[in-house]
Every structure is written in C-alpha cells, then in structure tokens.
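Colleague: The structure's right below; bear with me while I get my questions together.
What follows draws every value from the coordinates through simple rules; no lab data is involved. This is a predicted model, so every value here is computed, not measured. When we count neighbours, we look across all protein chains shown, and the Cβ atoms used for this are built from the backbone with ideal geometry, even at glycine.
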Amino acid sequence: MARLIIGHVTDSIAKIWIRGADSHPWANLTVFEGMTEIKTSQLALEARHGYTGCIEIKGLKANFRYTCQVLFGKEKNTKKQLFVDFGHCRGHFVTAPSSATETS
C-alpha cells in the first residue's frame, strides 16, 4: 500500500498525499534538495479521513528534482529515532518549468 502519493506539481508547489495508520497517526514529511533537508512538515492523520491527508509544499525551484520521505509517529513531535517507516514512504518529483515568459 502506497503511503506517499505525489499529487499536483507546478513550477513552485507540490501537493503530497499521505496515507497512515491508526497506530501512528502523525505524518512527518521531509523534502530534500539533493542530500540536503530543506523542509519538514507534520500532519495529524484523523480516523474520519481514513488516516489520509495532504501537505502542500510551497517555494520550490522551477524545473528541479526533489526527493521526499514520510515517516510516522505516535504523537506530535515524536523523536526521530521513534519514527516508523511502513514501506513505500519515499519518492521524488520534478517541478514544472518556470511559468514566466520571456520577451524578445
């Protein structure tokens, strides 16, 4: 079962869908530029939504490859050494080319 689903991607924004489990209802999404961690977001996954949710990542570079990983915790601000990887928790995406038009 996929835990990380890349949604809509523009030249500066990506929507990442996450599917968790009742045993670990906090998602911790990290986005990397190469090997450098650039953004981490937390999201509470609620039973009423089937332990799924969406995080929108803004301020990305156009036409650039990013890697993202989601790990799960039992509570908000779970220590990194206690995160759980359910599998299918890592992926990548490429942002669209810049939407700015050049004039000649």
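Colleague: Cα gyration tensor of region 44-83, axes a ≥ b ≥ c as square roots of the eigenvalues: rounded (a/c below 1.5), prolate (a/b > b/c) or oblate?
Modeller: Because a/c hits 1.5 or more and a/b fails to exceed b/c, region 44-83 counts as oblate.
Colleague: Please count, across the chain, the pairs of lysine residues with Cα atoms under 15 Å apart that sit 8 or more places apart or on different chains.
Modeller: For the chain, the number of qualifying lysine pairs is 6.
Colleague: Label Phe64 and Glu46 with points 7 Å out from Cα along Cα→Cβ: what is the distance between them in nm?
Modeller: For Phe64 paired with Glu46, the spin-label model returns 3.3 nm.
Colleague: Consider just the alpha-carbon atoms of the chain and return their Rg together with their Dmax, both in angstrom.
Modeller: 14.8, 57
Colleague: Using unit Cβ charges (K, R positive; D, E negative) and no other charged atoms, how large, in debye to the nearest 20, is the dipole of region 1-85 about its Cα centre? The partial results should precede the final answer.
Modeller: On the way: 12 positive and 8 negative charges, 11 e Å.
Computed about the Cα centre, the dipole is about 60 debye.
Colleague: Take the Cβ-Cβ distance between Glu37 and Val94 as r, set R0 to 25 Å, and report the resulting FRET efficiency rounded to the nearest 0.05.
Modeller: That pair, Glu37 with Val94, gives E of 0.85.
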